[in-house]
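The structure under discussion appears below in the form of structure tokens.
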Amino acid sequence: ALGRAVASTTLVADGLEAEETFQVRFAGDGPLRGVFSVSNGALESRAYVGNPRVDLSPQGVAAGVGRGELQVVRLKNLPGETQATTYSSVVEIKTGEIAEDINHYVATSEQREGALSAGVSLDENGAVDACAGWRVELLPGAPQDVADHLIENIKKA
């Protein structure tokens, strides 16, 4: 869950100004007792989970996160402003899958359609070996047939 959160917030933060941030907090009722991650436009990240000792292998990330709220805070520089503006939003955790829920937030709250995926590779001892992800976003004015084609390709992946 932690690696997926870091990969996801880093991908969403890509393209922000260095001091702008994208922050998420999954306040779910699962045994992880919350997942927090923040990334800035310089692609620096930090994250934690409430209970890092939870073994998610038998149940999966969604069960570890549980149901509850996804709290999002963005620090954004607006044109003509000398100080960054904070925007916060709260949405329901839809699936408990980190990338899916962040993508749902971006699509519904920011009206930016696209797809986000993140995963973690574990070594033979169960320690994180690597985490990675990808993000695609439709540009404003993209024709519907392009959007449909993109969605079909993502479903095949």
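The values are calculated or read from the model by the stated rules, or taken from the named source; none is laboratory data. For clarity, every value in this text was computed on a predicted model and none was experimentally measured. Reconstructed Cβ throughout: ideal geometry from the backbone, glycine too, with neighbour counts over all protein chains shown. The protein model used for the area step is the full one, side chains on, heavy atoms only, and it has no ligands, DNA or RNA in it. Shrake-Rupley method; radii C 1.70, N 1.55, O 1.52, S 1.80 Å.
Key figures
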item	result
Scope the range 94-107; condition open to solvent by less than 10 Å² (accessible area, probe 1.4 Å) and outside any helix (DSSP H, G or I); matching residues	Gly96
Cross-chain or 6+ apart pairs with Cβ under 7 Å, the range 123-135 first and more than 25 Å from Glu100 (Cβ to Cβ), then open to solvent by 60 Å² or more (accessible area, probe 1.4 Å) and assigned to a strand (DSSP E or B)	Asp123/Asp129
Strands (runs of 3 or more DSSP E) within the range 32-93 that include 1 or more residues in contact with a strand residue (DSSP E or B) (Cβ under 8 Å, 6 or more places away or on another chain) and open to solvent by less than 20 Å² (accessible area, probe 1.4 Å)	35-40, 68-76
Pairs, first under 14 Å from Ala42 (Cβ atoms) and open to solvent by less than 30 Å² (accessible area, probe 1.4 Å) in the range 5-19, second modelled with pLDDT of 95 or more and of a type in the set (Asp, Glu), C-beta under 8 Å, six or more apart	Ala13/Glu20
Extreme residue, nearest to the chain's Cα centre (by Cα), among residues of the range 114-127 that are open to solvent by less than 100 Å² (accessible area, probe 1.4 Å) and at pLDDT below 90	Gly114
